[in-house]
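**Student:** The structure's right below; bear with me while I get my questions together.
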C-alpha cells in the first residue's frame, strides 16, 4: 500500500546484453536488495547504518554475480520522512556508449531510500 519505486535511467543501446549495463536488470537487483534489507520496517535511526550497508553490499554482490565487465559504484541514502526536502545530483565524465547509471527511489510511510548505481566498463 505504501511503498513505491521510481527508477531514473541513463544509458544507451548496446549491441550485446551480455556486456552492457542494463538499467532494468540493475534496477531489479537494487529493489530486491532494498526489500531484503529494509522490507516492512519503520524508520529507526539506530538501524540506518546497518540497512545502508546491507543494501549496498547485497547490490554489489548480485551485480558481480552477473559476470559483466564493469566496475560498480553503489551509494545508498536513507532518510526519515519528516517534511524536510532532499535534493541529490551526480555528474560523470565517462563513455556514454559503454557506461551507465541507475537511481532507484523507494519509500514507505516513515522513510525514503535512494540508491544510485554506476557501471563503468572495464
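The values are calculated or read from the model by the stated rules, or taken from the named source; none is laboratory data. Treat the numbers as computed from the prediction; the structure is a model and nothing was measured. Methodologically, a virtual Cβ is constructed for each residue, glycine included, from the backbone with ideal geometry; neighbour enumeration extends over all protein chains shown.
**Student:** If you check every pair at least six apart or on different chains, which have Cβ atoms under 8 Å apart with a residue in region 60-88 that is part of a strand (DSSP E or B) first and a residue that is exposed (fewer than 14 other Cβ atoms within 10 Å of the Cβ) second?
**Tutor:** 70/122; 71/122; 72/64; 77/86; 77/88; 79/86; 80/45; 80/110
**Student:** Based on this model, can you work out whether residue 46 counts as assigned to a helix (DSSP H, G or I), more than 22 Å from residue 71 (Cβ to Cβ) and touching a residue at least 12 places away in the same chain (Cβ under 8 Å)? Write out each step before concluding.
**Tutor:** Values: assigned to a helix (DSSP H, G or I): yes; more than 22 Å from residue 71 (Cβ to Cβ): yes; touching a residue at least 12 places away in the same chain (Cβ under 8 Å): no.
Judged against the criteria, residue 46 is not a match.
**Student:** With the requirement that a residue be crowded, with 21+ Cβ neighbours inside 10 Å and under 27 Å from residue 69 (Cα atoms), what does region 104-115 give you?
**Tutor:** Of everything in region 104-115, those that are crowded, with 21+ Cβ neighbours inside 10 Å and under 27 Å from residue 69 (Cα atoms) turn out to be 104, 115.
**Student:** If you scan region 60-109, which residues turn out to be touching a helix residue (DSSP H, G or I) at 6+ places or on another chain (Cβ under 7 Å) and more than 19 Å from residue 120 (Cβ to Cβ)?
**Tutor:** The answer is 78, 106.
**Student:** Can you find, within region 89-122, the residue that is nearest to residue 26 (Cα to Cα) among those that are in contact (Cβ under 8 Å) with a residue 60 or more places away in the chain and not in a strand (DSSP E or B)?
**Tutor:** Looking at residues that are in contact (Cβ under 8 Å) with a residue 60 or more places away in the chain and not in a strand (DSSP E or B), I get 99.
**Student:** Right, here's the next one. How many of the residues in region 1-37 are in contact with a strand residue (DSSP E or B) (Cβ under 6 Å, 6 or more places away or on another chain), modelled with pLDDT of 90 or more and either exposed (fewer than 15 other Cβ atoms within 10 Å of the Cβ) or in a loop (DSSP other than H, G, I, E, B) (or both)?
**Tutor:** The total comes to 1.
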